[in-house]
Amino acid sequence: MLTDLYIPGDSLLHRARPAWKLGVLFLYCTSVFVISHPLMLAAGLALVALGYGIAGLGPRDAFTAIRPALVVLLIIFVAQLWLETLSLAAYVTLRLMALLMAAALVTYTTRASEFTEGILALLSRAPKWVPKDKIALAMSLVWRFIPMIRAQFDEVREAQRARGLERNMLALVVPLVVRTLKTADEVAEAITARSLD
Amino acid sequence: MTMRFDRVSVTKGTREILSEITLSLNEHRVGVIGHNGSGKSTFLRLFNGLEKPSSGTVRFGETEDDLRHHVGFMFQNPDNQVVYPMVEEDLAFGLKSRKLPKAEVAARIERVLSELSLTHLKDRLTHQLSGGEKQMVALAGVLVTEPELICFDEPTTLLDLRNKMQFMSALSTLPQPAVVVSHDLDLLAGFDRILHIADGRIHADGKPEDVIPAYKALCEDLDEC
Ligand SMILES: Nc1ncnc2c1ncn2[C@@H]1O[C@H](COP(=O)(O)OP(=O)(O)OP(=O)(O)O)[C@@H](O)[C@H]1O
Ligand SMILES: [Mg+2]
């Protein structure tokens with residue numbers, strides 16, 4: 001859900017207020033979960049497809065949204081199949097996919113800064129000692145660095161593969177952690193250099 | 001405005017990294033050279049308060065405390081300076097703590113982007129930019145804060161030749177004075193003044209045509225560089 005994030009566009013969904021989208025997403029997830037009926041699921045899937053259509057996104061984007069969760073989905077599917085029936089396994093897995101795609105639809109059509117502003121608006125009633133700007137910055141950093149850490153992960157894995165170390169978890173994790181910490185340090189410094197407090 | 005160092009030392013643990021540096025700078029373009037580990041970055045970081053002197057004072061004009069209000073800073077790695085997901089958001093970030101009206105923020109972003117011919121990048125996702133583009137965006141992020149002096153710590157080391165040229169030509173048109181640390185001596189050839197730092201001291205200080213050949217000769221003697 002947090003992979004490629006915002007896809008620029010000017011559709012109705014892009015222009016809708018973030019708070020609205022989050023509210024609808026919440027309602028959507030709740031109803032798809034609470035009303036356990038195949039018809040509800042069918043309606044839910046149709047709604048997601050409609051949403052992607054309105055936003056000018058395609059099946060490829062929808063797939064990107066569930067790709068990181070494929071393994072988990074597969075495990076759930078197999079477990080359900082083993083414990084229950086094929087139809088139930090399909091139902092449960094499809095439902096999860098619908099939720100993932102719906103959540104991704106919101107992130108695809110909402111800029112991180114809009115999210116941040118939405119959350120800040122919610123926080124505006126919080127007491128003074130809550131560091132609102134810092135929370136906003138932290139959220140943006142998470143947004144910004146997920147793709148970067150993924151890229152670093154791929155890079156380190158390539159490098160280790162070249163040395164025949166791809167099965168060695170330690171050889172993968174240690175450089176990644178070191179790089180991430182070093183990056184964090186440099187980023188913190190760059191932020192300090194640009195801001196006044 | 002003049003940058004003044006008065007007997008500035010920096011000590012980390014028991015190591016003295018810079019020793020009693022005293023100088024004043026007001027040239028338009030100042031280059032800083034020296035071997036790896038000689039203290040160039042530490043020296044440059046003092047300019048905008050990223051590093052505090054262990055003793056001595058650093059002053060820009062009359063100010064000593066809030067150097068950061070006046071001095072911008074750029075780093076080597078473009079990846080680590082661009083922190084927001086969208087270019088426009090990132091440029092707005094440096095202005096947040098300056099409490100400017102929204103219209104002013106937007107106007108400054110427009111102006112800087114067009115000055116650097118980057119307007120086409122405004123709505124792009126930052127993690128999808130090339131290294132060269134990212135470094136230009138990082139420069140824009142510093143320029144929107146309208147610093148009176150800008151420090152660059154090896155800004156072109158990670159760029160390819162074409163991007164390096166583009167970056168340097170952007171740098172050459174900046175109206176502000178700049179201090180540039182670089183290992184690329186060609187880049188500093190046209191500068192007004194070069195400081196050669198060795199072992200935490202100013203080893204040589206003068207025109208590029210005097211300091212750079214001496215530095216090169218030194219490297220050849222030592223068989224280093
Ligand atoms: N936090 C620290 N603690 C201890 N020593 C440090 C610290 N930071 C830097 N140093 C040391 O200070 C010396 C000068 O570092 P500095 O980064 O200023 O060098 P530099 O001239 O910029 O080198 P380079 O050309 O490699 O960038 C180095 O020997 C470095 O190991
Ligand atoms: Mg350095």
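Observations on the model:
- Relative exposure of A:Thr85, A:Thr93, B:Thr14, judged by other C-beta atoms within 10 Å (fewest first): B:Thr14, A:Thr85, A:Thr93
- This ranking places A:Leu83, B:Leu159, B:Leu218 by how few other beta-carbon atoms lie within 10 Å of each, fewest first, which gives A:Leu83, B:Leu218, B:Leu159.
- The trypsin sites (Lys or Arg not before Pro) of region A:95-196 that meet both conditions, a loop assignment by DSSP and at most 14 other Cβ atoms within 10 Å of the site Cβ, are A:Arg125, A:Lys128, A:Arg163, A:Arg167.
- Inter-part distance, region B:171-207 to region A:1-48, computed on C-alpha centroids, equals 56 Å.
- Rounded to the nearest whole Hz, the Karplus-based 3J(HN,Hα) values (6.51 cos²θ - 1.76 cosθ + 1.60, θ = phi - 60°) of region A:127-136 follow the sequence x, 4, 6, 6, x, 4, 5, 5, 4, 4, with x at glycine and proline.
- 3J(HN,Hα) from dihedral phi, region B:123-134, Karplus parametrisation 6.51/-1.76/1.60, rounded to Hz, x for glycine, proline: 9, 7, 7, 5, 6, 9, 6, 6, x, x, 5, 4
- Taking chain A as a Gaussian network of alpha-carbon nodes connected by springs under 10 Å, the highest mean-square fluctuation of the residues A:Val174, A:Val156, A:Val78 belongs to A:Val174.
- For B:Cys151, residues with placed amide H under 5 Å, excluding near neighbours: B:Gly72, B:Phe73, B:Met74, B:Val179
- Mean Cα-pair separation over length for chain B, i.e. relative contact order, pairs under 8 Å, 6 or more apart, %: 27 percent
- The B:Ser169 and A:Trp82 beta-carbon pair, evaluated with R₀ = 56 Å, returns a calculated FRET efficiency of approximately 0.30.
- Each of A:Leu170, A:Ala190, A:Ser140 was scored by the projection of its Cα onto the charge dipole of region A:125-197, and the greatest displacement toward the positive side belongs to A:Ser140; charges sit on the C-beta of Lys, Arg, Asp and Glu.
- Residue pairs, from the table A:Lys128/B:Lys96; A:Lys132/B:Lys102; B:Lys99/B:Lys122; A:Lys132/B:Lys99, whose Cα atoms sit over 20 Å apart: B:Lys99/B:Lys122
- Chain A: C-alpha gyration tensor shape, a/c 1.5 cut-off, then a/b vs b/c: oblate
- Magnitude of the charge dipole for the protein assembly as shown, about its Cα centre and with charges confined to Cβ atoms of Lys, Arg (+1) and Asp, Glu (-1), is about 1720 debye.
- Estimated [θ] at 222 nm from DSSP helical runs (n ≥ 4, -39500 (n - 2.57)) normalised by residues in chain B, nearest 500: -10000 deg cm²/dmol
- This ranking places B:Leu18, A:Leu123 by how few other beta-carbon atoms lie within 10 Å of each, fewest first, which gives A:Leu123, B:Leu18.
- Only Lys, Arg (+1) and Asp, Glu (-1) charged, at Cβ; region B:3-222 dipole about Cα centre in debye: 420 debye
- Net charge, B:Pro208 excluded, C-beta distance under 15 Å - Lys, Arg +1, Asp, Glu -1: -3
- Near B:Arg124, the amide H atoms lying under 5 Å from its own belong to B:Val87, B:Glu88; only residues 5 or more places off or on other chains count, and H is placed 1.01 Å from N.
- Listed residue (B:Ser182, B:Ala140, B:Ile33) projecting farthest to the positive dipole end of chain B, Cβ model: B:Ala140
- Region A:125-197 shape via C-alpha gyration tensor axes, a/c threshold 1.5: prolate
- Taking a ≥ b ≥ c as the square roots of the eigenvalues of the Cα gyration tensor, region B:31-190 is oblate, since a/c reaches 1.5 or more and a/b is not larger than b/c.
- Amide H contacts under 5 Å for A:Leu196, placed H, 5+ residues apart: B:Ser97
- Charge dipole magnitude, Cβ of K and R +1, D and E -1 - region B:36-93, Cα centre, debye nearest 20: 380 debye
- Farthest positive-ward along chain B dipole, Cα basis, beta-carbon charges - from B:Thr126, B:Met74, B:Leu116: B:Thr126
None of the figures in this text is laboratory data; all of them are computed from the coordinates on show. What you see is a predicted model; the values in this text were computed from it and never measured. We place every Cβ from the backbone using ideal geometry, glycine too, and count neighbours over all the protein chains shown.
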